[in-house]
Amino acid sequence: MTKSDTDSDNTDLESPSTEDSTKGSKENPTKKSSWRLPVTQRTLHILFFGTLVGLLVCLGIGLYSLKRLEDAKVVEDESPEAPPKATKGDDDDLAFDIRPPSYSIKTDVPTVAPSETRVDNASPPPSVNVKGENLLQELRSIFGQEIAIKIQNRNSPLNKSYTWIIDQDEYVKTNPNAATVQRFMLAAFYYATGGRRARSTWNLCSAVPVRTSRGDENRDTSLPIRCVFEEGESVCAFLDEFRECPEYYQDWEMPPTAPKKRWLSNSFECDWYGISCNDDGEVYQIALPNNGLEGSLIPEMTALEKLTHINLDYNSIGGPMPSLNKMDIHELSLAWNSIVGRLELSDQWPNLERLVLGDGNNLNISISPRFGLNEKLGNLDLSGNNIDSGLPGDQAAYNWGVLTDLRLANCNLGGSLPDGLSGLSNLVSLDVQQNRLTGNLPSLLWKFANLQSLRLEYNYFHGTLSSEIGNLINLRKLSIVDIGLTGTLPSEFSKLQKLESVSLQHNAFRSPVPAAMCSTQIMPELHTLEADCGWRGFGCTCCTLCCEAIVFDPNKCHSQ
């Protein structure tokens, strides 16, 4: 076979004859669609339409961006000052834009609140825009530009409060005269103390309802059983009928016809539980004791300029003690929390009437002699904190003419009690137990004619118990356990006919309990008497607790 014959054969294999092709086309018209040329045409069609769609998308995005830039330019020209805008960087916490989207047409007609998810091309109601801008301007005027940075932190109570005001608070949207800063600060306080969680830690009147039933073993045992509503009823609702529980509400400054509302509800903030306002609608009191609060106190509370009374006892608040020096504090009660930090007591609160920081907290407190200028001070409790500077020795440091209650237990105090305390003629209760006080019992103790409770236990005194104790004719409770006293128990005890509780044990007295203390005719109110009546042959027929050792040993004491 020649080369030309081979080429001819190959050509015949690669290209069918015209006759066969024509014949095949007539016999099977669809065969053409499965061969090379039609496939190429389909590919070109796909590329063409894909390119066309891409061009249309790009054109739409370009026109949309141009429109946004033109709108932003118009608003910028109209606005004298625009709030700062967060820029997204390495810190995701600063990726929230605190500036509400601008809106060029102003109107007071309220609309439906936007959803939590913000959409860039969805403008909020115009009234929200105005309120948001005004709120930021007011906050900057109070705290400076740095407040905007704090609000941008999406994990902060300030951010959550701002979002609530702008997106959810219907009261602000429908009340042009609403105190926006006041509501903002109360909401921030709520989020900072446990309300930020899906299930609030608050016991009563949280924005998140807490429900219980009469048969619930985990119910709040501080509430009388009839004050706890049946299953399905909000605990906050019982405030509507708190007249049924007068013994529980007797100390509440609340008229019986004024039920309280939930926090963050669409109601006037002065109606929220624990809030009291003056006639101008300004908050002057936050009273939420034993309400399950946690978290920490925010320093921005100072924006509540009329807030003078704060009572948050028996909660779980921690963190540092904020500076409240700019506020006109009348009452500050934070006992049984876990607050830390430093606190200098001076003349920053000239109208101070009650300061209770005792037990649970761990503050380092310094007391300036100028603290004595608080002439209205009636109750001072710093127990459980560290008074690192000791007590001032100057007489002028104790110009507390109306002071009735002084509690400085477990404050790491040393030395002797300052003579300046002798001027506290109205003192009713004195508690300096569990310190490092030394020396003889100061004579100033026997000058408090109005004293009803005296607690000196677990200190390092020495000497004897003065017969001048008979001057304390109003005394009801006396505790001098383990303070190193010797000598005899004075017969002047018989003058203390109002005594209800006396603890004398773990001292080195050389005489038994005076017989007058066992006479119901002389001391008819005495129900607790504890003494060292089990050693040296000293007996006590009326003692409720007898101890057998002069050093503290609970195992050497037994009830009678």
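The values are calculated or read from the model by the stated rules, or taken from the named source; none is laboratory data. Computed from a predicted model, the values in this text were never measured in an experiment. When we count neighbours, we look across all protein chains shown, and the Cβ atoms used for this are built from the backbone with ideal geometry, even at glycine.
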Which residues, counting only those in the stretch 489-538, are farther than 23 Å from H558 by Cβ, among the aliphatic types (A, V, I, L, M) and under 49 Å from the mean Cα position of the chain (by Cα)?
L496
Taking the condition among the polar types (S, T, N, Q) and surrounded by 19 or more Cβ atoms within 10 Å (Cβ to Cβ), does N474 pass?
no
Considering only residues that are crowded, with 20+ Cβ neighbours inside 10 Å and among the charged types (D, E, K, R), which ones fall in the stretch 377-421?
D381, R407
Which residue pairs have Cβ atoms under 7 Å apart, sit 6 or more places apart or on different chains, and have a first residue in the stretch 460-475 that is under 12 Å from L441 (Cβ atoms) and at pLDDT 95 or above and a second that is β-branched (V, I, T) and assigned to a loop (DSSP other than H, G, I, E, B)?
F461/I483
What are the residue pairs meeting all of these: first residue in the stretch 267-286, first residue touching a residue at least 40 places away in the same chain (Cβ under 8 Å), second residue in a strand (DSSP E or B) and of a type in the set (K, R), Cβ atoms under 6 Å, and 6 or more apart or on different chains?
S267/K261; W272/K261
Cβ-Cβ under 7 Å, sequence separation 6+ or interchain: first residue in the stretch 367-396 and part of a helix (DSSP H, G or I), partner among the aliphatic types (A, V, I, L, M). Which pairs?
P369/A396; P369/A397; F371/L345; F371/A397; G372/A396; G372/A397
Would you confirm whether any residue within the stretch 333-356 is within 14 Å of I286 (Cα to Cα) and basic (K, R)?
no
Hey, E468 more than 30 Å from D381 (Cα to Cα), over 41 Å from the mean Cα position of the chain (by Cα) and acidic (D, E) or not
no
Per the filter on the stretch 148-171, residues farther than 16 Å from L186 by Cα and of a type in the set (V, I, T) are I149
Is it the case, given these coordinates, that S141 is surrounded by 14 or more Cβ atoms within 10 Å (Cβ to Cβ), out of contact with any strand residue (DSSP E or B) (no Cβ under 8 Å at 6 or more places or on another chain) and modelled with pLDDT of 80 or more?
no
Quick one: would you say S366 is under 19 Å from D347 (Cβ atoms), in contact with a strand residue (DSSP E or B) (Cβ under 6 Å, 6 or more places away or on another chain) and among the small types (G, A, S)?
yes
From the list I166, I149, which residue is farther than 29 Å from A287 by Cβ, at pLDDT below 95, of a type in the set (A, V, I, L, M, F, W, C) and part of a helix (DSSP H, G or I)?
I149
If I filter the stretch 344-362 down to residues being buried (at least 21 other Cβ atoms within 10 Å of the Cβ) and within 21 Å of the chain's Cα centre (by Cα), which single residue comes out as modelled with the lowest pLDDT?
G358
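Looking at the stretch 431-447, can you tell me whether even one residue there is among the acidic types (D, E), buried (at least 17 other Cβ atoms within 10 Å of the Cβ), modelled with pLDDT of 95 or more and closer than 25 Å to E375 by Cα?
Here is the first cut: in the stretch 431-447, the ones among the acidic types (D, E) are 431.
With buried (at least 17 other Cβ atoms within 10 Å of the Cβ) added as a condition, the list becomes 431.
Add one more test, that the residue is modelled with pLDDT of 95 or more, and what stays is 431.
With closer than 25 Å to E375 by Cα added as a condition, the list becomes 431.
Yes, there is a match, as at least one residue in the stretch 431-447 is among the acidic types (D, E), buried (at least 17 other Cβ atoms within 10 Å of the Cβ), modelled with pLDDT of 95 or more and closer than 25 Å to E375 by Cα.
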Matching residues in the stretch 326-366 - criterion: being more than 24 Å from E305 (Cβ to Cβ), of a type in the set (G, A, S) and part of a strand (DSSP E or B)
S366
